[in-house]
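The next block holds one structure in the form of structure tokens; read it before the comments.
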Amino acid sequence: MAEQSTERLGYVVMAVPDVQQSANFYTRVGQMTLHDQAAGTAFLGGGYEHHWLRLEESTNRQGLVRVGFQLAGGESLDNVADRLATRGIAHEEFGDLDGDKIDRGIRFTDPDGVEVDVYTDMLSRGVKPAQDIVHMDTLLHAVWFSTDPVASHDFYSQVLGFRASDWIKRNAVFMRSANNYHHSLGIFRASPERAAKMDHFCILVDSIDDVMRARNVALRSGAKLQKDVLRHAASGSISVYIADPMAGLSFEFCVEHDIVGADHRPRILESTPISRDVWMAGTPKEEIAALTNAAMGVTSGISRDEELAAMANSLA
């Protein structure tokens, strides 16, 4: 297994039809700060880092463009380049503090077609943005889809040193970086058509009050919840998910996300809605079974199929 080179998720890059409209959405609904904006590009964040989110205007694509992970330093970057070269994976160096806001990095594509940046340092802000309503701590994780989560797990563990924290059967894997939060990335099984598409990204906030204030701001701004308040079995986090219709994904605010010890052994959790939300315990077995089937795309022949599918949403 490779050294645990990756320290944290640094940023997410998304394609949207209208950068200004999406930037307004994330400042108004997501409570982020717009740090920089140029023709067709906007940078937003909530910490000392220059950005957590980069929006790029596009008329021919929607959603995830790439993800960026921060490494421990230059030696780790060189080691990743060596591992990519050994596997015959094409990669290129980049780095432009004026353009990308990154000092030195490598860009490559994973087996599912997800474009990945790994980098040493990002431009930093001298003062953290003022946050009067939702107090944000860090960009925590991103979750996307793969045709083969087991193969994706092997790739990210061998090339970037991620460690598995938990599985949902072998249909989903949560993987942690060196900061030891339960997961910096999650990879969920999907059809080839959904592979390399993002389900959501997550921001860690200071308290449950921040989660609930974020929920309130979103609803009062006319946004829709992709998942209402729940507690995950895997990470223990309490979360709310807000839909971004322009990017075709959602973003999560969470709190009480577990930090995993060095001796943690990955669990293989059941693939039911209770793994998504432990507060569903006590729901009748018949409804849990129907919700599970709906989430997995299995019809049960009952009149509530469409309603159950909407309730089940996903097991992420």
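The values are calculated or read from the model by the stated rules, or taken from the named source; none is laboratory data. The structure displayed is predicted, hence computed values, not measured ones. Counting neighbours? That spans all protein chains shown, and the Cβs are built from the backbone with ideal geometry, glycine included. Side chains included, ligands, DNA and RNA excluded: accessible areas come from the protein's heavy atoms. Shrake-Rupley method; radii C 1.70, N 1.55, O 1.52, S 1.80 Å.
Go through (1) open to solvent by less than 20 Å² (accessible area, probe 1.4 Å); (2) over 29 Å from A72 (Cα atoms); (3) modelled with pLDDT of 95 or more for S221 and report which single condition fails.
Failed condition: (1).
Might you check whether a residue that is open to solvent by 30 Å² or more (accessible area, probe 1.4 Å) and at pLDDT below 95 occurs anywhere in segment 65-72? Walk me through how you get there before you give the answer.
So the first thing to find is which residues in segment 65-72 are open to solvent by 30 Å² or more (accessible area, probe 1.4 Å), and the list is 70, 72.
This time we only want the ones that are at pLDDT below 95, so: 72.
Yes - at least one qualifying residue is present in segment 65-72.
Kindly evaluate G113 against the criterion of being surrounded by fewer than 19 Cβ atoms within 10 Å (Cβ to Cβ), on the phi > 0 side of the Ramachandran plot and either of a type outside the set (K, R) or modelled with pLDDT of 95 or more (or both). Spell out how you get there, then give the answer.
Working: surrounded by fewer than 19 Cβ atoms within 10 Å (Cβ to Cβ): yes; on the phi > 0 side of the Ramachandran plot: yes; either of a type outside the set (K, R) or modelled with pLDDT of 95 or more (or both): yes.
Answer is yes for this residue.
Here is a check on your reading of the model: is E93 open to solvent by 30 Å² or more (accessible area, probe 1.4 Å), in a strand (DSSP E or B) and more than 28 Å from L249 (Cα to Cα)?
Criteria met by E93.
Here is a list: R104, R170. Which entry is among the charged types (D, E, K, R), in contact with a Gly (Cβ under 7 Å, 6 or more places away or on another chain), over 30 Å from R28 (Cβ atoms) and open to solvent by 10 Å² or more (accessible area, probe 1.4 Å)?
R104
Kindly provide the set of residues from segment 254-287 that are among the β-branched types (V, I, T), crowded, with 16+ Cβ neighbours inside 10 Å and over 30 Å from L55 (Cβ atoms), ordered by number.
Result: V260, T272, I274.
For segment 35-86, which positions are outside any strand (DSSP E or B), within 16 Å of L160 (Cα to Cα) and touching a residue at least 12 places away in the same chain (Cβ under 8 Å)?
A72, G73, G74, S76, L77, N79, V80, A81, R83, L84
Can you name every residue in segment 15-29 that is in contact with a strand residue (DSSP E or B) (Cβ under 6 Å, 6 or more places away or on another chain) and not hydroxyl-bearing (S, T, Y)?
Scanning segment 15-29 gives A15, V16, V19, A23.
Across segment 95-115, which residue is farthest from H50 (Cα to Cα) among those that are touching a residue at least 24 places away in the same chain (Cβ under 8 Å) and out of contact with any helix residue (DSSP H, G or I) (no Cβ under 8 Å at 6 or more places or on another chain)?
G113
Look through segment 174-187, keep the residues that are out of contact with any Ser or Thr (no Cβ under 7 Å at 6 or more places or on another chain) and assigned to a strand (DSSP E or B), and return whichever of them is surrounded by the fewest Cβ atoms within 10 Å (Cβ to Cβ).
Start the filter on segment 174-187 by keeping residues that are out of contact with any Ser or Thr (no Cβ under 7 Å at 6 or more places or on another chain), which leaves 179-181, 185-186.
From the residues that got through so far, the ones that are assigned to a strand (DSSP E or B) too are 181, 185-186.
Values: Y181: 22, L185: 24, G186: 25.
Checking each candidate, the answer is Y181.
Condition first: surrounded by 17 or more Cβ atoms within 10 Å (Cβ to Cβ) and closer than 23 Å to A234 by Cβ. Can you find one or more residues in segment 122-133 that meet it?
So far as segment 122-133 goes, no, none of its residues is surrounded by 17 or more Cβ atoms within 10 Å (Cβ to Cβ) and closer than 23 Å to A234 by Cβ.
Considering only residues that are crowded, with 23+ Cβ neighbours inside 10 Å and of a type in the set (G, A, S), look in segment 38-64 and name the one that is farthest from the chain's Cα centre (by Cα).
A42
Of the residues in segment 126-145, how many are farther than 12 Å from L185 by Cα and either assigned to a strand (DSSP E or B) or modelled with pLDDT of 95 or more (or both)? Give the steps one after another, and end with the answer.
From segment 126-145, those farther than 12 Å from L185 by Cα are 126-138; that's our starting set.
Applying the additional criterion that residues be either assigned to a strand (DSSP E or B) or modelled with pLDDT of 95 or more (or both) yields 133-138.
Of the residues in segment 126-145, 6 are farther than 12 Å from L185 by Cα and either assigned to a strand (DSSP E or B) or modelled with pLDDT of 95 or more (or both).
For G161, indicate whether it is buried (at least 21 other Cβ atoms within 10 Å of the Cβ) and assigned to a loop (DSSP other than H, G, I, E, B).
Values: buried (at least 21 other Cβ atoms within 10 Å of the Cβ): yes; assigned to a loop (DSSP other than H, G, I, E, B): yes.
Yes.
Checking the condition assigned to a strand (DSSP E or B), aromatic (F, W, Y), under 18 Å from the mean Cα position of the chain (by Cα) and under 23 Å from A218 (Cα atoms), which residue from Y11, Y26 passes?
Within the list Y11, Y26, the selection yields Y11.
Please go through segment 235-253 and give me each residue that is open to solvent by less than 10 Å² (accessible area, probe 1.4 Å) and either out of contact with any strand residue (DSSP E or B) (no Cβ under 8 Å at 6 or more places or on another chain) or of a type outside the set (V, I, T) (or both), ordered by number.
S235, S237, S239, Y241, D244, A247, S250, F251, E252, F253
S191 is checked against (1) modelled with pLDDT of 95 or more; (2) part of a loop (DSSP other than H, G, I, E, B); (3) of a type outside the set (A, V, I, L, M, F, W, C); (4) open to solvent by 10 Å² or more (accessible area, probe 1.4 Å) and fails just one. What number does that condition carry?
Just one mismatch for S191, condition (1).
Give the residues of segment 144-158 that are buried (at least 20 other Cβ atoms within 10 Å of the Cβ) and either among the hydroxyl-bearing types (S, T, Y) or over 24 Å from D263 (Cα atoms) (or both), sorted by residue number.
W144, F145, S146, S152, Y156 - these are the residues of segment 144-158 that are buried (at least 20 other Cβ atoms within 10 Å of the Cβ) and either among the hydroxyl-bearing types (S, T, Y) or over 24 Å from D263 (Cα atoms) (or both).
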